[in-house]
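Colleague: Sharing a structure below in structure tokens format, with a few things to ask.
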Amino acid sequence: MAVRTAPRDRRRVEMSAVVALVPVVAMLPFSLLALVVIWLPIGLVTGLELGVLLAAFVATGPLLFLRPFQSLVLTPVLGARAPTPAEEATIAPLWSEIVRAGGLDDDRYVVRILPSDELNAFACGGHLVVVTSFAVEELSTPELQGVLAHELSHHLGLHTVAITIVHWLSLPVVVLARIGVFLEQVAVAARQSYGRDSPVIGRATDVAAVAVRAVSWVFTSGLDAGVALGNVVGHRSEFDADQRAVRLGFGRQLASALRRVLSTTSNHRPVGWRERIATSHPAARTRVARIEALLRHPARPDVRPDVGRTHRGAARGARGERLTR
């Protein structure tokens, strides 16, 4: 049976969760600047004070960590849904065993399904675990349980806190970038429609398009830099989540799921610094090797991973690509 985790190990701030705050610091000035730019026309027309807009934005942040908000609002925003009766019958016993191994209540976290033909799963907010419908249908029972244990481990290590804050901070930047793209398209359309007949309009629209493109580039560059930085610091959180899944007693199941990824994709270890920055997860082969090493030589001698744990259920074919948070 699975090893029951001691209460002091249920939820703990890991170093990877602290390091993950680096992208938060990097994204903060771009987010504030984007809010100021958005406020300029709104404040001019409505008289709204900048402080009110900033306070309203700050007040929305904590909602992302409330379980009811995640179930009712964040779930549909992500394009996810509640499990069907058949999916619930598959997931519920696996999930119940996982949370019991962690000494947790069954209803503390929420599992949702993302309709997708990719083999994927991720954790977000403070209580939400999302797994694709493809993963539920195609993974074997042990493999699906290993994936779910890995995602729960992200929550228990508080890895999702920084990720959720970064996504929240990026919202004003994304909105402003999309507005910039729209205005640039308007300027180009005006140039094509009226610029030929009026050199003045043509030059004005050219200047407007260049200005909008420059402003958009500043914010999109900040967004891209935040994503790249998050990818770099996120590798450690993946290893930490794998290690915790092993301690919970689901290391062999997770390793099996990662081998499925290896057998269906060309997942390889990044060799160049550009490729490392663009990759959000360590190579599956590396993760499997580390998990197997932990199973052979547990980091904590008081925990014996996967003792006497057996499962039934034949593995079915899959064509998924990755396992992500």
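Colleague: For the structure I just gave you, tell me whether residue 119 is open to solvent by 40 Å² or more (accessible area, probe 1.4 Å) and modelled with pLDDT under 95. Break it down stepwise before answering.
Modeller: On the way: open to solvent by 40 Å² or more (accessible area, probe 1.4 Å): no; modelled with pLDDT under 95: yes.
No: the conditions fail for residue 119.
Colleague: Looking at the stretch 74-83, is at least one residue assigned to a helix (DSSP H, G or I) and over 26 Å from residue 254 (Cβ atoms)? So that I can check it myself, show each step before the final result.
Modeller: If we filter the stretch 74-83 for residues that are assigned to a helix (DSSP H, G or I), which is where we start, we get 74-77.
After this cut, where a residue has to be over 26 Å from residue 254 (Cβ atoms) as well, the list is 76-77.
Within the stretch 74-83, one or more residues are assigned to a helix (DSSP H, G or I) and over 26 Å from residue 254 (Cβ atoms).
Colleague: Tell me, which helices (runs of 4 or more DSSP H) lie completely within the stretch 208-313 with 1 or more residues that are touching a strand residue (DSSP E or B) at 6+ places or on another chain (Cβ under 8 Å), among the acidic types (Asp, Glu) and at pLDDT below 80? Show your work before the answer.
Modeller: Working: elements: 251-264, 273-278, 284-296.
Output list is empty.
Colleague: Kindly provide the set of residues from the stretch 145-172 that are surrounded by fewer than 24 Cβ atoms within 10 Å (Cβ to Cβ) and either over 17 Å from the mean Cα position of the chain (by Cα) or at pLDDT 95 or above (or both), ordered by number.
Modeller: 172
Colleague: All but one of (1) surrounded by 17 or more Cβ atoms within 10 Å (Cβ to Cβ); (2) more than 30 Å from residue 148 (Cα to Cα) hold for residue 99, so report the exception by its number.
Modeller: Of everything listed in (1) surrounded by 17 or more Cβ atoms within 10 Å (Cβ to Cβ); (2) more than 30 Å from residue 148 (Cα to Cα), residue 99 misses just condition (2).
Colleague: Go through the stretch 113-130 and report how many residues are under 20 Å from residue 157 (Cβ atoms) and free of Cβ contacts under 8 Å to residues at least 40 places away in the same chain. Step through it out loud before you land on a result.
Modeller: Here is the first cut: in the stretch 113-130, the residues under 20 Å from residue 157 (Cβ atoms) are 120-130.
After this cut, where a residue has to be free of Cβ contacts under 8 Å to residues at least 40 places away in the same chain as well, the list is 129.
Number of matching residues: 1.
The values are calculated or read from the model by the stated rules, or taken from the named source; none is laboratory data. As the structure is a prediction and not an experimental result, all values here were calculated from the model. We place every Cβ from the backbone using ideal geometry, glycine too, and count neighbours over all the protein chains shown. These accessible areas exclude ligands, DNA and RNA; they are computed on the full protein's heavy atoms, side chains included. Shrake-Rupley method; radii C 1.70, N 1.55, O 1.52, S 1.80 Å.
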